[in-house]
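One structure is given below, encoded as structure tokens.
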Amino acid sequence: MSTKVVDRPPLTFYERTYLPAILGGLKVTAKHFADTVFKGNSVTMQYPEERWVVPEGYRGAPYLVKDQDGATKCVSCQLCEFVCPPKAIRITTPGADGLTADRKNAEKMPKEFEINMLRCIFCGMCQEVCPEEAIFLQKDYSITGENRESMIFNKEKLLKLGGTHAGVQKWKNKLEEAQAQETFPVDAQ
Amino acid sequence: MEAINYLNPTAQMILFSALKIGVVFGVVMTAVAYAVLVERKVSAWIQNRVGPNRTSPFFIDYLPVIGPFLVKLGIFQPAADGLKFLLKEDFTPNYVRKVYFWLAPAITVIPALLTVAVIPFGSNLGSEKMVIADLNVGILYTFGIVSLGVYGIVLAGYGSNSKYPFLGSIRSTAQMISYEIAMGMSVIPIFILTESLNLSDIIRYQAEHGWMILKQPLAFVIFLIASFAETNRLPFDLPESESELVGGYHTEYSSMKFALFFLGEYANMIASAAMMVTLFLGGWTMPFIDALNLPASSLLLGFVHIGVFFAKMAFFMIVFIWVRWMLPRFRYDQLMDLGWRRFIPLALANIVVTALVVALFNN
Amino acid sequence: MSAPAAPSSTLAPVPAPAVPPVETMTVIVNGKTVQVPKTMPDWQGKPAPTTMLQAAKIAGVDIPHYCYHDKLPIAGNCRMCLVEFGTPMMGPDRKPVLNEDGTPKISRSVLPYEPGTSRGAIACATPISPGMEIYANSKATEQMRESVLESLLINHPLDCTICDQAGECKLQEYSVQHGKADSQFVETKVHKPKAVDLGPRIVLDDERCILCTRCIRFTRDIAGDDALGIVNRGSYNTISAFEPGKFDNNYTLNTVDLCPVGALTSKDFRFKMRVWFLKETKSLCTSCGTGCNITTGSREGVIHRYEPRENDAVNGPWMCDSGRLNYRWVGRADRLKQVLRTAADGTRQPVSWNAAIESAALILTQAPQGSVAFVVSARQTNEELFLLKKLATHTGALTDSVAREGEPDRLLVSEDRNPNSNGVRLIGMAFTEFGFNLTKIAEGIAQGRIKTLVVFGEDVTRVGIGPELLAKLDALIVSDILPNATTAAATLLLPGAAHAEKRGTFVNVKGRLQKFQKAVEAPGEARPEWEFLRELVHSLTGHNGYRTIEGLFNQMATEVPAFAGLEWAQVGDTGVTVQI
Ligand code: SF4
Ligand code: SF4
Ligand code: SF4
Ligand code: SF4
Ligand code: FES
């Protein structure tokens, strides 16, 4: 640990009266004042009417997506529920006799999937961890509701808001692969 | 109107005083509200922003051109602000010392309003002097009352029973006491010159002999700077300093109780501005124009005098606001150093020199 | 703790057969010299030559393995345990060749036709020899593991996201520790049947199977039901049940535990909860008198599964399916959740615990000696029985318990279906034969001698004390977990806690005193019985102390002769044997 001591330059008497600082401040503030009032150079964005362009890679609200065939991608692996730092995600698992996936061969999907947008900190961990590319942080940044319950988004809502994300359809591929092999007639559910 | 003349003098005095108090109170409150607006607007402009420009009451639709312009200026914003303060939840944390917590905002705002009582804000309207109480010891009264203001802050800090308010109030106590001394001493030369403590007399003296700022520039500078410290404004806003103490002594306050502190601060600014106008800028008088330099002979002139006073006051208000964006906050030791090692000796020297000059030249 | 020296000590003297001096030999594991016994017990407990894997374990080195299990016959088919090793070099004179510094020269095992390449041996089946060196983390060993994992993954589907085993899968774990990220195999994977219904409790995913045959060996050699086997050849090898859908002995779920991957999964636990959310609590199975040690997996107050916990003195690593699946009642919606008291007008009203304890104390103090009877369940813990015994003694009451019997089997299930019958006997709440006093109690009530009945955890209407007899009582104090005819008739109903909701001890049929821990909270107002019994005993006898289960147990140990000298802390996770 070495600390470098920097000598302060001694102030002249004039400087010690604070006058140069005051005059300098006056100059700067007056310039900005004049700029705004007379030239109309303001940086303010008139929010609801004007909106900013959401940049690529923005981390907005996390939503569930469907694949190009319109099937739910999430398989209820609960990794996102586990990784979510503020525990915003709550998944109700299907159980043995419950819901089977709405696409073949994927075997399961969540019975219910809730994200509490009040708890969510938009960290993106869920998107990062998802092995199925089923959840993405999208561009919504202004999420409002009239009560706490309405801020808990359920599976239906999340899927509707999330839209479609085309990607590798690994379950479909596996199924096609298996069907092409004649050794074991595959009886996919 | 005739009936007034049949009342006995005491009753007349009470009636007119009540009237003046009512009007002055209303004016000061409105001034506070608009001072806040001006502060927000000026701040915004200095920072290349637009400031409040949304509040538009329903009748604006009936005012073409002028209406939208007023909205853009935020003219109705103070009303909305006030309403908001009134309607917000008044939250009292359960660990506070209740009595002091409730008392503190009142103790802050009342002295600030009381100082206004002795300020002559015009010559006269008809036969009524435009000052609520024309005290012989006006200035002493002012200083007495102003120094009460510090109790509000101390109690707020103590009553909140939490560390930021506590630190804020400790700083504020030391700061206000220190600068009160400098402030008090800076005005003594004025009394030496005017030979009176009555503020109306001081104005009369300035009308005859020219403004005090010319005769006592040093006193003016000290008074001006001390009043920044007294009103907790930047660069001396250590008691509040958001960046280190959250909100200082009013951290734990909300709703109307917070609004009272806010009110107190701006009322204090107004009082200080009025005081400076009175002591150094000749109050309601204007040099070189006789009609404006003598007590008003007509109702119209009376109003003009009041207008002059307010214009001068507005100038100081703008200075208060502008300085906020010009200078960064002082460090605590610099603040103390400035107060005790610079201003107090300077003020003392000023007293001695003035006294000597008066003693030598008047005799 | 100094055990009482008196011969009257009831601490079971552990029968100590004269231990023959253990013959040991020296081996070197990862450069560390260890002495290991020449023989060690095999899966049946018979002495067998010590293997490299066992020796490494003694040296504190875990060698990864799939097919090996210390309670199953060795198969040696997965090759995961391959390690590089070396043996002391022998000269032509049959004397060890020495290095210059006098240490024995070691010859590493190499391929005979390719002396530059190490030749590994499977640690699980290779016996050690004196002076052997085992290189459990050498480069060659790591390479062997890498290759074995790569070949295990040739046709593996990598279903981890929908695989119930994920999180406790040895294939995942070893792949992360010893595997590599990519594979040389570009061929299409062989696909096998998925979600095969093997039996009423088991689903098989053949694609995930690594063919370790643990499941086959268990069913054949332990459960004695040769129901599983491998069919087809080469990459088409698949596990299959002899009669599909009929793999249904009472021990099938143990194959799920044994299966190192997610091939065999439990239907009950299927897609229910990911294992990484489960809080594991050491507990006991309460379905029979064997008292199998279990681990309760719960999340946020809901029990999701029981798994056996290894205890060689009781259940080994196994448990039966019926006990394993007997957990759902703990979370049943109709659990008793309210303290209820019959008011003067005959209606039952909710009251506070304090008021309930007060009225119970009042009833029991005012009852004349001999007018009270206790029927307690052998499902209550020793601590609760001990407190109940105090109440019974105080009131001079008749006491008894209720027997619960069923078919035993040859492996674990006991004829006695109560978890704590021996506890009841040792504490003195019933005779050896349960039910001896029940008839007397029924008679006493019929004749009006017995006016107060205290029932803990039993439905007395099923053992001869019918509703008409209960109606004759002045007071019927009942504590139970689930509603039944007796709780319906109670004048004072105290909701109790299931074993997963409290701590305590049981004594199993063989006299093993074991403790269990709390996994979840009791619902509503229900409380562990020992807590309110303690308050009741206190208000009745003024006896104080034992605010904690530990204190209560230690107090009991000083008063109940069979437990003399025991302390809570001393009863480890696997229990101690007491004299029954
Ligand atoms: S973005 Fe972060 S906080 Fe929000 S749901 Fe995903 S993991 Fe949870
Ligand atoms: S969204 Fe992705 S990570 Fe979350 S449960 Fe579904 S598949 Fe798993
Ligand atoms: S058996 Fe293991 S590696 Fe295979 S899919 Fe299941 S969790 Fe993944
Ligand atoms: S099903 Fe499991 S236990 Fe049985 S052979 Fe396959 S991997 Fe081994
Ligand atoms: S564990 Fe040794 S070969 Fe399987």
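Points worth noting:
- Taken together, B:Pro64, B:Pro68 contain a single residue that is loosely packed, with under 11 Cβ neighbours inside 10 Å, out of contact with any Leu (no Cβ under 6 Å at 6 or more places or on another chain) and under 30 Å from A:Val43 (Cα atoms), which is B:Pro64.
- Search result, residues across segment C:245-270 that are more than 10 Å from every other protein chain (Cβ to nearest Cβ), assigned to a loop (DSSP other than H, G, I, E, B) and within 20 Å of the chain's Cα centre (by Cα): C:Asn249, C:Asn250, C:Tyr251, C:Thr252, C:Cys259, C:Pro260
- C:Ile239 vs. criteria closer than 29 Å to A:Thr100 by Cβ, away from ligand 2 (no atom under 16 Å from the Cβ) and of a type in the set (Val, Ile, Thr): yes
- Output for segment C:271-288, where each listed residue is away from chain A (no Cβ under 14 Å) and β-branched (Val, Ile, Thr): C:Thr281, C:Thr286
- Matching option when the condition is farther than 23 Å from C:Val339 by Cα and surrounded by fewer than 18 Cβ atoms within 10 Å (Cβ to Cβ), among C:Thr574, C:Thr505, C:Thr548: C:Thr574
- Selection within segment C:79-103 - among the aliphatic types (A, V, I, L, M) and farther than 25 Å from C:Thr117 by Cβ: C:Leu98
- The residues of segment B:285-342 that are charged (D, E, K, R) and under 23 Å from B:Met269 (Cα atoms), listed by number, are B:Lys312, B:Arg324, B:Arg329, B:Arg331.
- Matching residues, segment C:182-220, being within 13 Å of C:Asp248 (Cα to Cα) and within 14 Å of chain A (Cβ to nearest Cβ): C:Asp197, C:Leu198, C:Gly199, C:Pro200, C:Arg201, C:Ile202, C:Val203
- Number of residues in segment A:61-86 that are more than 26 Å from C:Arg299 (Cα to Cα) and under 14 Å from the mean Cα position of the chain (by Cα): the value is 2.
- Filtered by the rule that a residue be of a type in the set (Phe, Trp, Tyr) and under 14 Å from the mean Cα position of the chain (by Cα), segment B:220-262 gives B:Phe223, B:Phe228, B:Phe261, B:Phe262.
- Whichever residue in segment C:78-103 is at pLDDT below 90 and part of a strand (DSSP E or B) and, among such residues, is farthest from ligand 4 (Cβ to nearest atom): C:Leu98
- Residue match in segment C:5-25 (condition: within 16 Å of ligand 5 (Cβ to nearest atom), modelled with pLDDT of 90 or more, farther than 30 Å from C:Val176 by Cβ and part of a strand (DSSP E or B)): no
- Within segment A:12-40, considering residues that are farther than 16 Å from B:Ile321 by Cα and among the hydroxyl-bearing types (Ser, Thr, Tyr), the one nearest to the other protein chains (Cβ to nearest Cβ): A:Thr36
- Within segment C:177-201, the set of residues being touching a residue at least 60 places away in the same chain (Cβ under 8 Å) and in contact with a Phe, Trp or Tyr (Cβ under 6 Å, 6 or more places away or on another chain) comprises C:Leu198 only.
- Residue in segment B:4-18 that is touching a residue at least 60 places away in the same chain (Cβ under 8 Å) and closer than 25 Å to B:Val131 by Cα present: yes
- Selection from segment C:348-358 of residues that are under 39 Å from the mean Cα position of the chain (by Cα) and of a type in the set (S, T, N, Q): C:Ser352, C:Asn354
- Pick from segment C:223-264, criterion without any contact (Cβ under 8 Å) to a residue 60 or more places away in the chain and among the acidic types (Asp, Glu), ranking: nearest to ligand 1 (Cβ to nearest atom): C:Asp248
- C:Thr141 being β-branched (Val, Ile, Thr) and more than 23 Å from A:Leu79 (Cβ to Cβ): yes
- C:Val509 fulfils the conditions (1) in a helix (DSSP H, G or I); (2) in contact (Cβ under 8 Å) with a residue 60 or more places away in the chain except for a single criterion, (1).
- Tally of residues being within 16 Å of ligand 5 (Cβ to nearest atom) and on the phi < 0 side of the Ramachandran plot across segment C:77-108: 8
- Qualifying residue in segment A:6-17 (condition: outside any loop (DSSP other than H, G, I, E, B) and within 30 Å of A:Cys123 (Cβ to Cβ)): no
- Inside segment C:434-450, residues that are at negative phi and surrounded by fewer than 18 Cβ atoms within 10 Å (Cβ to Cβ) make up a count of 7.
- Pairs meeting the criteria (first residue in segment C:438-451 and free of Cβ contacts under 8 Å to residues at least 60 places away in the same chain, second residue exposed (fewer than 14 other Cβ atoms within 10 Å of the Cβ) and in a helix (DSSP H, G or I), beta carbons under 7 Å, at least 6 apart or on different chains) are lacking.
- Contact annotation: no residue pair with Cβ atoms under 7 Å, 6 or more positions apart or on different chains, pairs a residue in segment B:146-168 that is touching a residue at least 24 places away in the same chain (Cβ under 8 Å) and more than 13 Å from B:Glu240 (Cβ to Cβ) with a partner that is of a type in the set (Lys, Arg) and buried (at least 23 other Cβ atoms within 10 Å of the Cβ).
- For segment C:41-74, the set of residues classified as surrounded by 18 or more Cβ atoms within 10 Å (Cβ to Cβ) and either within 16 Å of ligand 4 (Cβ to nearest atom) or within 14 Å of chain A (Cβ to nearest Cβ) (or both) consists of C:Pro64, C:His65, C:Tyr66, C:Cys67, C:Tyr68, C:His69, C:Lys71, C:Leu72, C:Ile74, listed by residue number.
The values are calculated or read from the model by the stated rules, or taken from the named source; none is laboratory data. Everything numeric in this text was worked out from a predicted model, so none of it was measured. Note: ideal-geometry Cβ built from the backbone for every residue, glycine included; neighbour counts use all protein chains shown.
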